[in-house]
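Here is the structure we will look at.
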Amino acid sequence: MKIVVLDGQGLNPGDLSWACLNQFGEVAIYEQTRGEADTVARIGDAEIVLTNKCPITEAVLAACPQVKFIAVLATGYDVVDCAAARGRGIPVCNVPSYGTAAVAQFTMALLLELCHRIGLHDASVHQGDWCKKTSYCYWLTPQMELAGKTLGIVGFGRIGQAVAKIARAFDMKVLAYSRTEYPEGRALAEYVDLDTLLRQSDIVSLHCPVFPATRGLINRETIAKMKDGAILLNTSRGQLICEQDLADALASGKLRGAGLDVMSVEPASETNPLLTAPNCIITPHMAWAPVESRQRLLDCVVENVRGFLSGKVQNQVNL
């Protein structure tokens, strides 16, 4: 059995081991693969393909007829033409849950940074500003307390609920908007419609996938429904936000700030208006990056491969 990893650098920049795949056959690992021609060449006659962000298109599958199984090194699987794979009898499997704790933790880290701007104050102290003061304390930005504030969570699955648990520990009220309501969700939050959530929340946090109904969910019209001075967080998908509309809302002061770990185009485009928007913290899609989280992901991929080879496919997304 030949296995190819097309873009392993994101999952494993060197602190994990790919040796766990050797039990299944001959393994070829590439840090990055760019372009359809290189993708086809590197897959060659491999039967199992592992990809994170490298697209597996209809044309790639047509050029690589030996492919029998595709394992996505992520939860999102839109990089694979699932319909084309299904038509060829190729299961596509993802990793549905591995970074819940990590992403929830990172979401709150973005929020806390917006509340206190700790990085800014640390830099100020280290460049000598505190040493020059006559008062024992100072702050460069308005400080914000979370207790008593309302957090609105859009998309209340595993990650959204994990964020809610942390928020409740901060003595925050939690509202949730979701396509599906779960009993465990009702124990953590009050389910409301989207307009109510936007209108009542001091902080809005996005944790939903990108569907036609959610693409551009945060736009000029929905931002207008939010509280003046509200905060927006996004650790889900950049395409949920109309980025120029968010940049305008930050520039006008309609929103107090935004904390984003994702953008509509990644790596970020130099022309993205959010790069120059005020009070906008942007991190490079790293919420999932703790080694513990990535090891769980790799462990699940191994089990997905094992399941395929044993005839017990799991986590298939193109049924």
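Kindly list, by first and then second residue, each pair from a residue in the stretch 1-28 that is without any contact (Cβ under 8 Å) to a residue 24 or more places away in the chain and farther than 22 Å from THR75 by Cα to a residue that is surrounded by fewer than 16 Cβ atoms within 10 Å (Cβ to Cβ) and of a type outside the set (D, E, K, R), limited to pairs with Cβ atoms under 8 Å and residues at least 6 apart or on different chains.
none
Among the residues that make up the stretch 219-232, is at least one of them touching a Pro at 6+ places or on another chain (Cβ under 8 Å) and of a type outside the set (A, V, I, L, M)?
no
Which numbered condition trips up ALA162, out of (1) over 15 Å from SER236 (Cα atoms); (2) touching a residue at least 40 places away in the same chain (Cβ under 8 Å); (3) not aromatic (Phe, Trp, Tyr)?
Tallying (1) over 15 Å from SER236 (Cα atoms); (2) touching a residue at least 40 places away in the same chain (Cβ under 8 Å); (3) not aromatic (Phe, Trp, Tyr), ALA162 fails exactly one: (1).
When you go through LEU232, LEU297 one by one, which is the residue that is among the hydrophobic types (A, V, I, L, M, F, W, C), within 30 Å of GLY14 (Cβ to Cβ), within 17 Å of the chain's Cα centre (by Cα) and modelled with pLDDT of 95 or more?
LEU297
Could you grab me the full set of residues in the stretch 129-171 that are of a type in the set (Ser, Thr, Tyr) and part of a strand (DSSP E or B)?
THR150
Determine which member of the set VAL204, VAL174 is buried (at least 19 other Cβ atoms within 10 Å of the Cβ), in contact with a helix residue (DSSP H, G or I) (Cβ under 6 Å, 6 or more places away or on another chain), assigned to a strand (DSSP E or B) and among the β-branched types (Val, Ile, Thr).
It is VAL174.
Give the stretch 61-90 a look and list any residue that's under 24 Å from the mean Cα position of the chain (by Cα), closer than 28 Å to LEU16 by Cα and not polar (S, T, N, Q), or say none.
Within the stretch 61-90, ILE70, ALA71, VAL72, LEU73, ALA74, GLY76, TYR77, ASP78, VAL79, VAL80 meet the criteria.
Do we find that CYS54 is under 28 Å from TRP288 (Cα atoms) and in contact with a helix residue (DSSP H, G or I) (Cβ under 7 Å, 6 or more places away or on another chain) in this structure?
When the stated conditions are applied, CYS54 passes them.
Count, please, the residues in the stretch 207-220 that happen to be modelled with pLDDT of 95 or more, open to solvent by 20 Å² or more (accessible area, probe 1.4 Å) and more than 15 Å from PHE156 (Cα to Cα).
4
Right, VAL313: within 29 Å of ILE90 (Cβ to Cβ) and open to solvent by less than 40 Å² (accessible area, probe 1.4 Å) or not?
no
Which of the strands (runs of 3 or more DSSP E) contained wholly in the stretch 1-108 include at least 1 residues that are buried (at least 21 other Cβ atoms within 10 Å of the Cβ) and touching a strand residue (DSSP E or B) at 6+ places or on another chain (Cβ under 7 Å)?
Result: 2-5, 48-51, 69-72.
Considering only residues that are assigned to a helix (DSSP H, G or I) and open to solvent by less than 10 Å² (accessible area, probe 1.4 Å), which ones fall in the stretch 221-246?
ILE223, GLY238, LEU240, LEU246
Going through the stretch 179-195 one residue at a time, which ones are modelled with pLDDT of 95 or more, in a loop (DSSP other than H, G, I, E, B) and open to solvent by 30 Å² or more (accessible area, probe 1.4 Å)?
ALA187, ASP193
Residues of the stretch 250-289 being open to solvent by 10 Å² or more (accessible area, probe 1.4 Å), part of a helix (DSSP H, G or I) and closer than 16 Å to GLY216 by Cα, which ones?
Scanning the stretch 250-289 gives a single hit, PRO273.
Within the group VAL317, VAL262, which residue is at pLDDT 95 or above and within 18 Å of the chain's Cα centre (by Cα)?
VAL262
Pairs please, first residue from the stretch 182-199 and of a type in the set (Ser, Thr, Tyr), second anywhere and surrounded by 15 or more Cβ atoms within 10 Å (Cβ to Cβ), Cβ atoms under 6 Å, 6+ apart in sequence or on different chains.
What qualifies is TYR191/ALA176.
Has the stretch 126-135 got any residue that is under 30 Å from SER293 (Cα atoms) and open to solvent by 60 Å² or more (accessible area, probe 1.4 Å)?
No, because not a single residue in the stretch 126-135 is under 30 Å from SER293 (Cα atoms) and open to solvent by 60 Å² or more (accessible area, probe 1.4 Å).
The values are calculated or read from the model by the stated rules, or taken from the named source; none is laboratory data. Predicted model, so just to flag it, every value in this text is computed and none were measured. In this analysis, Cβ positions are derived from the backbone assuming ideal geometry, glycine residues included, and neighbour counts consider all displayed protein chains. Keep in mind that these areas ignore ligands, DNA and RNA; they rest on the heavy atoms of the full protein, side chains included. Shrake-Rupley method; radii C 1.70, N 1.55, O 1.52, S 1.80 Å.
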